[in-house]
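Below is one structure, written out as structure tokens; comments come after it.
The values are calculated or read from the model by the stated rules, or taken from the named source; none is laboratory data. Just so it is clear, the model here is predicted, and its values are computed rather than measured. Note: ideal-geometry Cβ built from the backbone for every residue, glycine included; neighbour counts use all protein chains shown. The area values use the complete protein model at the heavy-atom level, side chains included, leaving out ligands, DNA and RNA. Shrake-Rupley method; radii C 1.70, N 1.55, O 1.52, S 1.80 Å.
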Amino acid sequence: DTEVTQTPKHLVMGMTNKKSLKCEQHMGHRAMYWYKQKAKKPPELMFVYSYEKLSINESVPSRFSPECPNSSLLNLHLHALQPEDSALYLCASSHQFYGQGADEKLFFGSGTQLSVL
Amino acid sequence: DQQVKQNSPSLSVQEGRISILNCDYTNSMFDYFLWYKKYPAEGPTFLISISSIKDKNEDGRFTVFLNKSAKHLSLHIVPSQPGDSAVYFCAARPIQGAQKLVFGQGTRLTINP
């Protein structure tokens, strides 16, 4: 199983709504990531969890709240979003082998296409 | 400050010919490089990677070349097939801050029959 599963695939929400994006992997990966991608732009890193602890927050606004309940699951809680937050939200995972020359590739899910009205 | 650059936004290649996608980087601390392929509204799919201790890695029709002195890498696809039409992202990882993967802007490859 080399899949990262994201739900839902599409989400439309108002600026006052609270919603959550979910991500799951069963590859035994110990690092999980949230990326945001706008149209015709590269993915931008938002958060990294390493061994279920938040290790990187790329100065993301607090209206985005990540959560890692266990080593297989990653959530992104959304509250009071703005229309400019509309984007494709990508989850990824990796083994977390580091050191020079280490083979460390990210596996991405298909993403959640989020529209904020 | 764009640390990973793909200067060609698009590339059009005849089916059966070679596709060459280029990527330049500025950070000498990058030690691991990856190429991803992406279709619209889908997540990037890993294609091939190369460590800084190598200068070439091959996987089937895909070969990645790394020139560390020029801070340049390229992806060769031979022969190109219609299913290769997609956006290709180059990505790089620094030794320090190893969890941060930095992506280039992407190159849209179109394979013409």
Note to self: For B:D55, what accessible surface area do you get with a 1.4 Å probe? Give it in Å², rounded to 10.
What the structure shows: 100
Margin query: For chain B, what does the relative contact order come out to in percent, with C-alpha contacts under 8 Å and a separation of six or more?
Written below: 37
Notebook entry, point to check: At a Förster radius of 41 Å, what calculated FRET efficiency corresponds to the Cβ-Cβ distance of A:S62 and A:H10, to the nearest 0.05?
Noted result: 0.95
Next item on the list: Would you list which lysines come within 28 Å of A:K18, measuring only between C-alpha atoms, while excluding same-chain residues fewer than 8 positions from it?
Entry: A:K9, A:K36, A:K38, A:K40, A:K41, A:K53
Note to self: Quick one: 3J(HN,Hα) in Hz for segment B:56-66, Karplus 6.51/-1.76/1.60 with θ = phi - 60°, rounded, Gly and Pro as x.
What the structure shows: 7, 9, 10, 8, x, 7, 10, 9, 10, 10, 10
Notebook entry, point to check: With every protein chain in place, what's the accessible area of A:K22 (1.4 Å probe, Å², nearest 10)?
Noted result: 100
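Which value in Å is the Kirkwood Rh of segment B:4-106 over different Cα pairs? Provide the component values of the computation, followed by the final result.
Values: mean 1/r = 0.0723 Å⁻¹.
With all distinct Cα pairs of segment B:4-106 included, I get 13.8 Å.
Tally the DSSP beta bridges in chain B and give the antiparallel ones as a percent, rounded to 5. Numbers along the way, then the final one.
Working: 37 of 42 bridges.
Close to 90 percent.
Across segment B:1-80, how many lysine pairs, 8 or more apart or on two chains, come within less than 15 Å at their alpha-carbon atoms? Mind showing how you got there, number by number?
Values: B:K5/B:K68; B:K5/B:K71; B:K54/B:K68; B:K54/B:K71; B:K56/B:K68; B:K56/B:K71.
Taking the Cα cut-off of 15 Å, the pair count is 6.
Could you check how many percent of all C-alpha pairs in the protein assembly as shown are farther apart than 24 Å?
Numbers: 11767 of 26335 pairs.
So the portion of pairs separated by more than 24 Å is 45 percent.
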Check: To the nearest 10 square angstrom, how much accessible area does B:R17 have with a 1.4 angstrom probe?
Finding: 150
